[in-house]
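Let me begin by presenting the structure, written as structure tokens, before commenting on it.
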């Protein structure tokens with residue numbers, strides 16, 4: 001038996017459930033469309049084609065997105081390390097300190113650009 005067969009079966013079940021959910025919502029869901037439902041949601045503010053004042057978007061939007069990405073990457077690497085801490089021993093500890101040193105670079109960048117000022 002192929003060792004990848006259970007993974008393929010699980011992926012197939014996941015695809016069937018995902019596509020089935022989308023198809024079921026299209027068939028079963030209500031079909032009452034109006035102007036408000038078809039508009040893009042922008043916190044109650046009328047959508048504008050350009051940024052306010054015709055300028056560029058503030059950098060804070062991108063900094064918030066970068067914060068979430070950095071936290072996700074940090075969790076993806078720190079969680080398995082924490083689970084298997086005893087077998088990784090000194091090599092794992094040194095590698096994790098190197099990773100944490102590298103991950104501080106985006107945080108320092110964000111801090112210098114004002115990404116953590118929520119006023």
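The values are calculated or read from the model by the stated rules, or taken from the named source; none is laboratory data. Given the structure is predicted, the values throughout are model-derived calculations rather than measurements. Quick reminder, even Gly has a Cβ in these numbers, built from the backbone with ideal geometry, and neighbours come from all protein chains shown.
Numbers below:
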item: Set 32, 112: member being in a loop (DSSP other than H, G, I, E, B) and either modelled with pLDDT of 80 or more or at positive phi (or both); result: 32
item: Residue pairs meeting the criteria (Cβ under 8 Å; at least 6 apart or on separate chains; first under 12 Å from residue 114 (Cβ atoms), in region 58-70; second in a helix (DSSP H, G or I)); result: 59/113; 63/110; 63/113
item: The lone exception for residue 58 - which of (1) at pLDDT below 80; (2) over 21 Å from the mean Cα position of the chain (by Cα) it fails; result: (2)
